[in-house]
Structures are given as C-alpha cells and as structure tokens.
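A quick write-up on the structure given underneath.
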Amino acid sequence: MSKATPYRISSITEIHRLMGLPKPHHPLISIVDLEGFKNDHDIDAVIFDLYVISMKRGCDNLFYGQQKYDFDEGLMGFMSPGQVLRGEENGVPLNLEGWMLFIHPDFLWNTSLASKIKKYEYFGYATNEALFLSDKEETVINNIIRNIRNEYHSNIDKFSQDIIISNLETLLNYAERFYQRQFITRKITNSKILDRLEEVLTGCINDEAMLSKGAPTVQYLADALHISSKYLSSLLKQLTGQTTQQVIHEKLIEKAKEKLSTTELSVSEIAYSLGFEHSQSFSKLFKSKTRLSPLEFRASFN
C-alpha cells in the first residue's frame, strides 16, 4: 500500500480488523489499547470518519499535523472526522502506550452531545496542539475511560447510551478545563507564540504592498505561526482576553491613528492603505474602537 495516500477508516469494525482485534462489543464506540500495537499494514497516514480521543505515552516520534510531539508523558489528542493522523517514516514507536477512544458520529445522534460537541474548540485544533496532562489529570481521565469501557462491555440496555454520553461529556469538560490550565502553565511556548504574533502582525501592518491585497486575516496569522486558527484564538482569549480578530483590529487602529495624526492623507486613502475595501467599513470600525470618527480624531490634534 502506498504511503502517499492516507487510508480512510469509516467504522469501528474496520479499526478492530486492521489492529487484529476481536469484533467490537459495540458497533459505534470502542476503546483500543495501544501497548504492543504494531502497524503491519504499511499504513503511513489515516483519515478517520470518526471522533477520536487518545491518550498516549512514549510518542516522541509520532506526528500530529506538521509537528512532532515535544512531550513523552501523558498526552491527549482530539480529532474530529476528516483529520489526518500519520506516523514518522520509522512507523509507530515500539514503546507507545495508552489508548484511543473511537466514536462514530451516529452514536451521538439524538443525544445532548450531537450539537454540543461542536462547542469544544479543541476538536478544531490542529492535531499537533495536544493536551499535556499531569499525573493527577491523567488519573481523572483514565477513570472516566474505565467507566465508559465497563458500560459498553456490559449488557447493552436502554440506559447504556445515556450513561456513556454522560461520561463523555464529563471527559470533554475536564479536557476543556485542562486546556485552559495549559494555556497558562506552558509559559515559554505560549510567550514565544505571542512574541511571534506581534512580530508577524507588525510586519503586516507596516507592509503597504501586502495591505494593498487586504488586511491580515486570522487564518493568515495562524498559518504564519504554524498553529490552527482556533488554537490561536483560544490562547489569546485566555492570555489577553481578546480574540485574534480583535488583536488585528487594535493594530489597524493604532496604525490609523499614526497616519491620521502625522499625514495629510484623506480618510479614504488611509482606509485603502490599511487593506479596507470600503472607507465606510474603516470609519465604522475606527469609531467603535475610539468613540471618534477618523476626522474627529484628526481634528483633536489641531
């Protein structure tokens, strides 16, 4: 099998077959242990049409997205249907431990999680933006996973799905709490991201040739920082209380104030020089941020 094309997996049964496991206890949800797992199918990359939640240890040569893990203790990853998981050229590491929880979207149908799962932004993070767990946090998550496994291994009855869904919601809420903690505790990594954001955004605002094609977008900045737009926004909201778009607007207004106070350019010329297609949009944004129109701001200097 060619390593160039990701292998698509659409069912729990197929996962068990590929991993040489017995038939799943439940057709729509399964927890698979990773210890001792070997990739005997020459599969380098996989696309899951499933939700995947994983806990891994010893994964120093495993990639999510474009980057390696930088941590070999308890590490969680969250994938929504359609994301790609791939290994390095040498394959899955021999010392990999942990588990993977696979959830078919049909399992969530007609439950509280069917739409609510979309509120957990970490499913939209690039998969290299994993959650780093302390021993205590790892124990909390593993206990929930044990409850889920015990439930679907038991006789399936009319209560089973509700009980599993309840445990899944608890797991996802803890993960959200732990991510918020991570934004604060991983100070070195996060400060580097913020420093780089400032550098990239300032460069954009001062590059008139670039601005002639439009103001910088959230996606442009995320791409420049090699992180997902959702992760960048979550990080900024936690550390600065602002969204990425708000940070962009602040920089644009800062530059606009400079031009209004030091040049004789018209408001329209300033708007276009900052990447606004319509001067009315610029004026509206400026007034919402400063409580003054651009002309009123300029007049305050005369």
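The values are calculated or read from the model by the stated rules, or taken from the named source; none is laboratory data. Bear in mind the structure is a predicted one, so any value in this text is a computation, not a measurement. Neighbour counts run over all protein chains shown; Cβ positions are idealised from the backbone, glycine included. For the accessible areas, the whole protein counts, side chains as well, though only heavy atoms, and no ligand, DNA or RNA atoms are used. Shrake-Rupley method; radii C 1.70, N 1.55, O 1.52, S 1.80 Å.
If only one of Thr185, Thr139 is closer than 21 Å to Arg57 by Cα, of a type in the set (Val, Ile, Thr) and at pLDDT below 90, which one is it?
Working: Thr139 fails: at pLDDT below 90.
On inspection, the qualifying residue turns out to be Thr185.
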Next on the checklist: Checking Ile148 against (1) farther than 28 Å from Ser229 by Cα; (2) modelled with pLDDT under 90; (3) part of a helix (DSSP H, G or I): exactly one of these is not met. Which one?
Outcome noted: (2)
Item to check | Meets criteria (under 16 Å from the mean Cα position of the chain (by Cα) and among the β-branched types (Val, Ile, Thr)) for Thr240 | outcome: no
Item to check | Members of segment 22-63 that are open to solvent by 60 Å² or more (accessible area, probe 1.4 Å), in a loop (DSSP other than H, G, I, E, B) and at pLDDT 90 or above | outcome: Pro22, Lys23, His25, Pro27
Next on the checklist: Take the residues in segment 166-221 that are surrounded by fewer than 13 Cβ atoms within 10 Å (Cβ to Cβ) and of a type in the set (A, V, I, L, M, F, W, C); name whichever of them is farthest from Leu113 (Cα to Cα).
Outcome noted: Ala209
Next on the checklist: Quick check on my filter: what residues within segment 270-302 are in a loop (DSSP other than H, G, I, E, B) and among the basic types (Lys, Arg)?
Outcome noted: Arg291
Checklist entry - (1) assigned to a helix (DSSP H, G or I); (2) closer than 19 Å to Asn128 by Cβ; (3) in contact with an Asp or Glu (Cβ under 9 Å, 6 or more places away or on another chain): which one isn't true of Ile227, the others all being true? => result (1)
Next on the checklist: Could you list, ordered by first residue, the pairs with Cβ atoms under 8 Å in which the first is in segment 192-210 and touching a residue at least 24 places away in the same chain (Cβ under 8 Å) and part of a helix (DSSP H, G or I) and the second is open to solvent by 70 Å² or more (accessible area, probe 1.4 Å) and of a type in the set (D, E, K, R), at least 6 apart or interchain?
Outcome noted: Ile205/Glu254
Item to check | Subset of segment 95-144 (residues that are open to solvent by 30 Å² or more (accessible area, probe 1.4 Å), of a type in the set (Ser, Thr, Tyr) and out of contact with any Asp or Glu (no Cβ under 9 Å at 6 or more places or on another chain)) | outcome: Ser115, Thr139
Next on the checklist: What's the number of the only condition in (1) more than 20 Å from the chain's Cα centre (by Cα); (2) more than 30 Å from Asn143 (Cβ to Cβ) that Gln245 fails to meet?
Outcome noted: (1)
